[in-house]
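The values are calculated or read from the model by the stated rules, or taken from the named source; none is laboratory data. Remember, predicted model here, so these are calculated numbers, not experimental data. For neighbour counting, all protein chains shown are included, and Cβ atoms are generated from backbone atoms with ideal geometry for every residue, glycine included.
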Amino acid sequence: MKLVKFTRQYWFASMVGFALPFSSAWANIDIDSISQDALVKDPVIVECTLDNGDSASCVKFVVKYQPDNLETGPFCPKNIDEKGGVWNWDGEMAGLYQIDKGFLSMLDSQGYHFYDQDGNVNITDVRTTQPKSDNTCLQASVDKTVEMTVLIPVNPVKSDQVSDLGTVAKVGLALDGVPIFADAPSVLDTGHMPALDECGGHVDPGGWYHWHSTATDIDSVYKNEHLDIECGIKQKASAMFAYAFDGFPIYGSLEQDGKMPAGLDICNGHFGPTKEHPEGIYHYHASTTFPNLPTCLHGVVAKQNFSTTAKQGIGSANGPGQGGGPGHGTPPGFDKAAKTLGVTEKELMKVIMDNGGRKLDISAAAKDLGVTETQLKNALPKPPRH
Ligand SMILES: [Zn+2]
Ligand SMILES: [Zn+2]
């Protein structure tokens with residue numbers, strides 16, 4: 001088995017002209033580690049450009065809208081008497097909650113009305129429609145035709161600077177073949193709740209499933225926060241969960257020997273031996289608070305490392321690189337605003353983020369867009385009411 005793997009990797013190496021010895025050229029990424037249930041085709045090694053401008057080789061994984069046999073949901077409960085998934089509430093009484101009557105009525109008392117007088121929850125399928133009221137529970141139906149392409153450097157390179165992982169920033173690719181993103185957008189920003197299931201995942205407006213957590217160790221979070229919730233996916237706190245987009249592996253909250261990891265850095269990573277790398281490697285660990293992901297990346301990622309064939313959403317040709325569609329960075333109404341201003345959604349989002357984001361400097365943003373302040377104010381969607 002080992003020999004087969006060697007031969008295959010060596011073959012890929014020679015295809016792209018690498019003459020490096022096996023041990024250093026293939027020390028890190030195991031291209032056979034991503035689940036066959038998720039792969040559209042065999043992974044290959046391609047040339048790629050890293051974020052620091054260096055040429056490198058990357059593994060190109062093409063995965064399905066979601067792996068075969070993966071059970072997902074529930075996300076939004078139809079009625080407050082039912083139980084939905086989970087939500088990490090960052091307003092008053094902040095914390096991780098099951099989306100149920102207790103939680104939704106607490107939000108109601110804070111002015112966020114997610115259900116009607118019969119207790120029916122406002123739900124929007126953001127793949128096909130726009131939310132009609134100020135506070136809706138967002139969930140998207142899947143698009144079974146969508147494929148996602150992920151590029152991960154074969155030989156991870158540490159960067160001098162760490163890169164923070166903000167809202168829906170790209171974190172990595174799980175060994176199950178599910179992409180991982182940082183925090184889902186806050187209800188405080190959009191008025192809407194892109195509900196997560198009990199494994200911390202949901203469907204992007206583009207129609208594909210992804211996680212906002214270390215799903216194979218999320219029960220440790222529930223335990224830590226005294227919540228009676230369980231993810232149906234097999235849990236193992238010491239197992240490798242994913243490759244981060246910089247190529248370094250992400251493990252659960254414990255070391256191989258069951259001990260707590262020691263000496264973790266600001267990104268929740270450190271150097272040490274793991275089951276897959278007994279010689280030692282830089283790796284990240286999950287935490288036991290939600291979202292239990294590394295908060296920054298220590299290595300260099302590849303440019304254009306995530307794309308989808310979806311019509312909208314993160315990684316689509318039309319969508320912003322880090323957002324896209326309601327529930328994912330671009331607030332509802334942004335498409336219209338961009339059209340009015342004669343720019344793309346992506347360009348508009350960039351100008352807004354460059355000029356203060358939520359605390360927007362209207363005059364600076366208007367200047368960058370070449371419009372007047374009034375034109376910009378009139379074009380932008382009104383902030384959500386609650
Ligand atoms: Zn998401
Ligand atoms: Zn460790």
(message) Tell me yes or no: at least one residue of the stretch 248-259 is within 16 Å of ligand 1 (Cβ to nearest atom), of a type in the set (A, V, I, L, M, F, W, C) and part of a strand (DSSP E or B).
(response) no
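For the stretch 73-82, give me each residue that is farther than 20 Å from P291 by Cβ and either without any contact (Cβ under 8 Å) to a residue 12 or more places away in the chain or surrounded by fewer than 18 Cβ atoms within 10 Å (Cβ to Cβ) (or both).
Residues satisfying the conditions are K78, N79, D81, E82.
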(message) I need a count of the residues in the stretch 274-296 that are part of a loop (DSSP other than H, G, I, E, B) and near ligand 2 (Cβ under 8 Å from one of its atoms).
(response) 1
(message) Based on this model, can you work out whether A242 counts as within 16 Å of ligand 1 (Cβ to nearest atom) and at pLDDT below 95?
(response) no
(message) With the condition being modelled with pLDDT of 80 or more and of a type outside the set (A, V, I, L, M, F, W, C), I'd like the helices (runs of 4 or more DSSP H) fully within the stretch 300-386 carrying at least 3 qualifying residues.
(response) 362-369, 373-379
(request) Please state which one of Q117, Q139, Q130, Q161 is of a type outside the set (A, V, I, L, M) and closer than 20 Å to G269 by Cα. (result) Q161
(request) Determine which single condition H226 fails, assuming it passes every other condition in (1) surrounded by fewer than 17 Cβ atoms within 10 Å (Cβ to Cβ); (2) within 15 Å of ligand 2 (Cβ to nearest atom); (3) not basic (K, R). (result) (2)
